[in-house]
1. Given Cα pairs under 8 Å that are at least 6 residues apart, what percent is the relative contact order of region 49-133?
2. Give me the percent of DSSP beta bridges within region 39-165 that run antiparallel, rounded to the nearest 5.
3. Stick to the Cα atoms of region 54-165, pair each with every other, and give me the Kirkwood hydrodynamic radius in Å at one decimal.
4. Can you work out the FRET efficiency for the pair residue 91 and residue 51, with r the C-beta to C-beta distance and R0 = 22 Å, to the nearest 0.05?
5. Give, in nm to one decimal, the length gained when the segment between residue 141 and residue 10 is fully stretched (0.36 nm per residue of separation minus the Cα-Cα distance).
6. What order do you get for 27-35, 62-70 when each peptide is scored by the mean count of other beta carbon atoms within 10 Å, highest first?
7. Hey, what did the chain get for relative contact order, percent, Cα under 8 Å, at least 6 apart?
8. Roughly speaking, what is the stretch gain from residue 74 to residue 165, that is 0.36 nm per residue apart minus the C-alpha to C-alpha distance, in nm to one decimal?
Ligand SMILES: *Cc1c(COP(=O)(O)O)cnc(C)c1O
């Protein structure tokens with residue numbers, strides 16, 4: 001078996017205390033998650049609803065599950081009872097459905113808005129101006145069961161470090177501007193989820209305080 005415990009410990013030594021590690025466990029068997037759990041890891045991130053449901057039903061109750069993949073509105077209901085953070089909100093329509101399902105569960109669900117900064121058109125997420133439209137809308141103001149806690153972003157998948165840095169700095173600026181204009185009095189708007197295995201060092205230099213690391217901890221994914 002891949003040495004998850006050693007890899008996890010190595011990653012943790014590279015993170016300052018104020019950076020949260022979301023261990024990206026998608027496509028890995030539950031034994032791998034349990035190895036990390038035994039080392040004290042409690043935050044795990046998955047990208048598919050079906051896989052998350054399966055793991056959530058089999059693994060310990062004190063795990064904080066994060067959702068990082070594309071979320072279809074018709075699947076929100078399956079994860080609404082327990083999901084602790086949804087990183088990938090890319091439309092008002094999705095946010096409204098999360099709010100509706102959260103209300104049915106008598107809870108508030110924490111979410112991040114996904115910002116599109118990468119060059120690739122294929123990457124999902126909203127532009128800064130789409131976020132502004134969403135946050136200023138009456139429909140958004142009427143949602144009482146979602147809490148927008150910050151932003152998530154993915155940089156371009158390139159070797160060019162300067163390009164990656166530029167994109168994370170752009171995310172940093174957008175975060176600061178939205179904070180100033182929409183969340184000035186809300187300390188809870190504080191999460192900057194930037195950085196994966198290949199670029200989390202750069203992301204942290206650009207103000208990330210939540211990194212989503214899969215491959216470096218669990219090894220390559222077998223699809
Ligand atoms: C899979 C995934 C990650 C983790 O990527 P690694 O390169 O394995 O660390 C992080 N964020 C998102 C949104 C992902 O889909």
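1. 24
2. 0
3. With all distinct Cα pairs of region 54-165 included, I get 15.0 Å.
4. 0.45
5. Extending this stretch completely gives an extra 42.9 nm.
6. Top of the packing list down: 62-70, 27-35.
7. Relative contact order of the chain: 21 percent.
8. Full-extension gain reported as 29.2 nm.
The numbers here are math on the coordinates, done by the rules we state, and not lab data. These numbers were taken from a predicted model, which means no experiment stands behind them. A quick note on method: Cβ atoms are made from the backbone with ideal geometry, for glycine too, and the neighbour counts reach across all protein chains shown.
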